[in-house]
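Taken together, the values in this text are just the output of simple stated rules run on the coordinates, not laboratory data. A quick note: this is a predicted structure, and the numbers were derived from the prediction, not measured. Cβ placement follows ideal geometry from the backbone for every residue including glycine, while neighbour counts extend to all protein chains displayed.
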2 protein chains.
Amino acid sequence: MTITSTDPRTGDTVAAAEPTPLADVQRLTAAAAAAAPELDRRGREFRARLLRAIAARLESRRDAVVALGRRETGLPEARLNGELTRTVYQAEFFAQVVEEGGYLEATIDHAADTPMGPGPDLRRLLVPLGPVAVFGASNFPLAFSVPGGDTVSALAAGNPVIVKAHDSHVGLSQLAYEALVEACADVDAPQGTVGIVFGTEAGAALVADPAVKAVGFTGSLTGGKALLDIINGRPEPIPFYGELSSVNPLIVTAAAAAERPEAIASGLVASVTGSGGQLCTKPGIVFVPAGAEGDALLGEAASLIAETAAFPLLNARIADSYRDITAAYTAAPGVKALATGAESPQEGSFGSPRLLEVDAADFTTAVAEECFGPTAVAVRYSGEAELRDAFAVLPASLTATLHTAADDPDLAPLAALVQPLAGRLVFDQFPTGVLVSWAQHHGGPWPSTNTLHTSVGATAIRRFLRPMTWQNAPVSVLPPEVRDDAAVPQRVDGRLRL
Amino acid sequence: MTITSTDPRTGDTVAAAEPTPLADVQRLTAAAAAAAPELDRRGREFRARLLRAIAARLESRRDAVVALGRRETGLPEARLNGELTRTVYQAEFFAQVVEEGGYLEATIDHAADTPMGPGPDLRRLLVPLGPVAVFGASNFPLAFSVPGGDTVSALAAGNPVIVKAHDSHVGLSQLAYEALVEACADVDAPQGTVGIVFGTEAGAALVADPAVKAVGFTGSLTGGKALLDIINGRPEPIPFYGELSSVNPLIVTAAAAAERPEAIASGLVASVTGSGGQLCTKPGIVFVPAGAEGDALLGEAASLIAETAAFPLLNARIADSYRDITAAYTAAPGVKALATGAESPQEGSFGSPRLLEVDAADFTTAVAEECFGPTAVAVRYSGEAELRDAFAVLPASLTATLHTAADDPDLAPLAALVQPLAGRLVFDQFPTGVLVSWAQHHGGPWPSTNTLHTSVGATAIRRFLRPMTWQNAPVSVLPPEVRDDAAVPQRVDGRLRL
């Protein structure tokens, strides 16, 4: 059945794509498998050129991409422009990372005597895994979709990529894919370096295909588990890098609530409602002290929420699910609605922002499930013991945030309490906005991700590489990076060398 | 039912242990979970002291360990002495790795303007995962058992460890565990830093326990799959690092066979029969050129095998399985027995070495399954096309080995053909003997391992760490390694700094 995308603001059809027949999926994976050794051989200089060509080709289509994105996702123009800038920067940044070469972990132990007898010459390097399947996410049509973090990580590592386009922006997926194809042509990349499939069945076939050696996925816990089940059924299990579900607790200390209630309230509402709350790092559960100062903070937040119009959500399924989960939250014991945004005159895919409140004593898993959309639950707490009890209920997240003040007691115990629940610990800022950089980490304990890896930042490349060691090998077969005096960082006989 | 270990040379009972009741398993995992934050807090200097104390306590029991190991495993004294030396060295080496601190991947991006606007201060570090379950292997009672690579990797990373003792050396497991307990006392480690369980049910309960955050396993593909099934059934999936099954192809080029047939034959027979062939890196499939020079090499190898006495295998199950698989190999179409070692006068656990032969045209998966024991299959080939066809049948391995000579044509195509099938590529040496060092890699594509990680060498620590980033954090909550000017290698604002 033809896949159509819809403007969530109007319900109008925007674009269409045919589901990829399974025979075509197999042709694409075979082409990717054939391209893999050649891509490996081409080396880092080529990969950096390919990444820069992708950046240039995406940038050159900026106007068309943003205009189509606006219609297919309902996201604001400024957000789509920002997302494209981020994706272009990311491709250029990864080109630099590849050129620098430290990500390869090149290591040389020369032959030497050891306490166990003579040791051989050993040279270790990370090598590409092979074809990677990337699943586009609905909420980042440019940053985690056909272009984006997973695609450029896999290409930077030297692997062919086949993307499963997200149903809700098939037009943008096609447009962005054309940019990838042009970029491949610009640098004369091997046939099969990039591919695209449409439709759920084609996506499932991709994950099951023996030629595919890893999967990158950003999406729901349910979707992630379905793909994991396919992988667990393969004769050869392969790495699945899923970024799945995150409630992103944010804790306001009593001192912080007293010091700057308005600043925290306005920052919080912006972070909860930005992009219609459809960000994996949206702070969904906010711990606010009981009492007057917490009341003031939430009063300010409630008025800001009440003034906020409904958002066009990304698609009808997300809008339905948002309505269901906010209804379930509201119906949970002890939960009180503090504010609801202006209702939309439109039907369909719009969702109004909401601020709910519950006492820490009533906080249960019923309000600790991710709500994808512009809603936050304020949990009112008194003292660290109540926080500790609430945290025992909380699932782990990509991020946890602390808003603190100079008057706070030693923060180390609070940070230690939160650390097991998150991959990134934010202080006095908001978790939305994930900078692409060397020190970034976007991942966390289950269910936020299922791996120990990141999907943002320089180390995202590591997901698509495996270690390989050459023992006593002639120089002629060694990759350049593990030859003596190569121009990349190496650890030689135990010592790091730049 | 009481678990008893047996001397494979005599069938006499050596030691006994009671299966750990499930309530005790839970007490152990709870103690480990309680110890985890304190172990994290103690820091690297403490961990290095703990590792050195383990080395010292194992060394001080050398005589008792080797004597009991001799009885429980049937392995020669020289091998057990060498294995203990390796394990002691490994603990000391990991202490150095921990002290150096590069394994933490400390990364700092100071707050700065970026193409996406102002970027926050970000600091990334690898942090401990939590309690680790380690499954002892039958074939490395000291290097991959209660002490060994997995245990010291997990402790070096800062995690508590609970070992599942292997049934076939329960006495040695208890003795080595006492050394670990003494070492913990020497450095005043938190209660729960180490634990031990006995029996299959206790092992399964350990893997299913929510407090356990990773599993290290060296053993059979069947055993590994059973544990993976338990993990796949957990609400929270956790990393499973399995080192499973490996046939370790070894290729002799025509030029090498012509140049040094006797040296290759004697090295090969030593590698195939060392430790009764019960090494995960034993070369099991040997590609030998068809024709006179290959005949000469195999003739020499056959006489060496024929002179070799039967080995006491590690336990009766392994001996039974060895008999079954060598019988199946021998019965496979086109397979010819070249030599069988002297039969043992003893019943029970002894296995005779065997050299089999098959033409490349007849090479099928029937002889490409791992045979754990002193047997190798020679595959006679003519030219690269036959090699290529045979490689399409071959499962991936921990290692692949090439024996080459100066007269060989360019080796790069042959190396490229073999690379996807192995994690370590050995030239003109033998794959058995896995040095503990910085550049070592002991892992490979499925089914040799199920992950992209190693179980030997400095980077084995990485398995038991997860990344964590602090954003805009006060110095007081930052771990020392991500403070400015810490005494560990750091990447600061994109530049590596020693």
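Structure values in brief
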| item | result |
| --- | --- |
| Principal axis dimensions, largest first and in whole angstrom, of region B:1-153 by Cα | 74, 38, 26 |
| Lys, Arg +1 and Asp, Glu -1 on Cβ, resulting dipole of region B:117-210 about Cα centre, debye, nearest 20 | 340 debye |
| Estimated FRET transfer efficiency (B:SER382, A:GLU45; beta-carbon r; R0 35 Å; 0.05) | 0.35 |
| When the protein assembly as shown is reduced to its Cα atoms, the Kirkwood hydrodynamic radius in Å | 29.7 Å |
| Global form of region B:309-359, assessed from the alpha-carbon gyration tensor, a/c cut-off 1.5 | oblate |
| Inter-copy separations for A:THR114, label at 7 Å along Cα-Cβ, nm, ascending | 3.9 |
| As computed over region B:327-442, the Cα convex hull volume per residue (Å³) | 145 Å³ |
| Axis-nearest residue in chain A [Cβ, rotation onto B], distance in whole Å | A:ASN232, 3 |
| Which of A:SER60, A:ALA143, A:PHE311, positive extreme of dipole for chain A (C-beta unit charges) | A:SER60 |
| Stokes-Einstein D for region B:64-124, Kirkwood Rh over Cα pairs, 20 °C, 1.002 mPa s (µm²/s) | 137 µm²/s |
| Folded to 0 to 90 degrees: helix B:221-233 orientation relative to chain B principal axis, Cα | 30 degrees |
| Residue-averaged [θ]222 nm for the protein assembly as shown, counting only DSSP H segments that reach four residues, each worth -39500 (n - 2.57) | -12500 deg cm²/dmol |
| Overall dimensions of region A:204-277 as given by Cα atoms, namely Rg and Dmax in Å | 19.9, 58 |
| Region B:277-303 versus region A:279-342: alpha-carbon centroid distance in Å | 71 Å |
| Tilt relative to chain A, helix A:261-273 - C-alpha long axis, 0 to 90 degrees, to 10 | 60 degrees |
| Simple label model, 7 Å out from Cα along Cβ direction - A:ARG323 to B:ARG27, nm | 5.6 nm |
| Convex hull (Cα only) mean projected area of region A:134-230, reported in nm² to one decimal | 5.8 nm² |
| For chain A, size of Cβ-based charge dipole, Lys and Arg +1, Asp and Glu -1, in debye | 1160 debye |
| Principal axis dimensions, region A:41-85 - Cα atoms, whole angstrom, descending | 42, 14, 14 |
| Nm distances between copies for A:LEU498, ranked from closest, using label points 7 Å along Cα→Cβ | 1.0 |
| Tail weight of P(r) past 25 Å, computed on alpha-carbon pairs of region B:248-403, percent | 22 percent |
| log10 of Debye I(q)/I(0), alpha-carbon scatterers only, for region B:189-242 at 0.14, 0.17, 0.28, 0.29 Å⁻¹ | -0.37, -0.54, -1.26, -1.31 |
| Shielding score for B:119-126, defined as the mean number of other chain Cβ atoms within 10 Å | 6 |
| Linear extension gain, B:ALA309 paired with B:ALA34, 0.36 nm per residue minus alpha-carbon span | 93.9 nm |
| Longest DSSP-loop-exposure-free segment, GluC sites (Glu not before Pro), chain B, at most 14 other Cβ within 10 Å | B:1-306 |
| Cα long-axis angle, helix A:292-306 against chain A (0 to 90 degrees, to the nearest 10) | 80 degrees |
| Principal axes of region B:273-335: Cα extent on each, largest first, Å | 40, 26, 22 |
| Convex hull volume per residue in cubic angstrom - Cα atoms of chain B | 162 Å³ |
| About the Cα centre, charge dipole magnitude for the protein assembly as shown (Lys/Arg +1, Asp/Glu -1 at Cβ), debye | 220 debye |
| Cβ-derived FRET efficiency at R0 51 Å, B:ALA392 paired with B:ASP484, nearest 0.05 | 0.40 |
| Extreme residue, positive dipole direction of chain A, given options A:TYR241, A:PRO333, A:ALA179 (C-beta unit charges) | A:ALA179 |
| Calculated FRET efficiency for the pair B:GLU99/B:GLU178, C-beta based, R₀ 30 Å, to 0.05 | 0.65 |
| Those aspartates and glutamates that a straight Cα-Cα span of less than 13 Å connects to B:LYS336, excepting residues fewer than 8 apart in one chain | B:GLU357, B:ASP359, B:ASP362 |
| Label-point separation in nm, B:ASP359 to A:ASP186, each point 7 Å along Cα→Cβ | 5.5 nm |
| Unsatisfied cross-links (Cα-Cα over 23 Å) in the set A:LYS213/B:LYS225; A:LYS164/B:LYS225; A:LYS225/B:LYS213; A:LYS225/B:LYS225 | A:LYS164/B:LYS225 |
| Gap separating the Cα centres of region A:207-236 and region B:130-163, nearest whole Å | 30 Å |
| Orientation-averaged projected area, Cα convex hull of region A:380-498 (nm²) | 11.4 nm² |
| Across the identical copies, how the B:ALA406 labels are spaced - nm, sorted shortest first, 7 Å along Cα→Cβ | 7.8 |
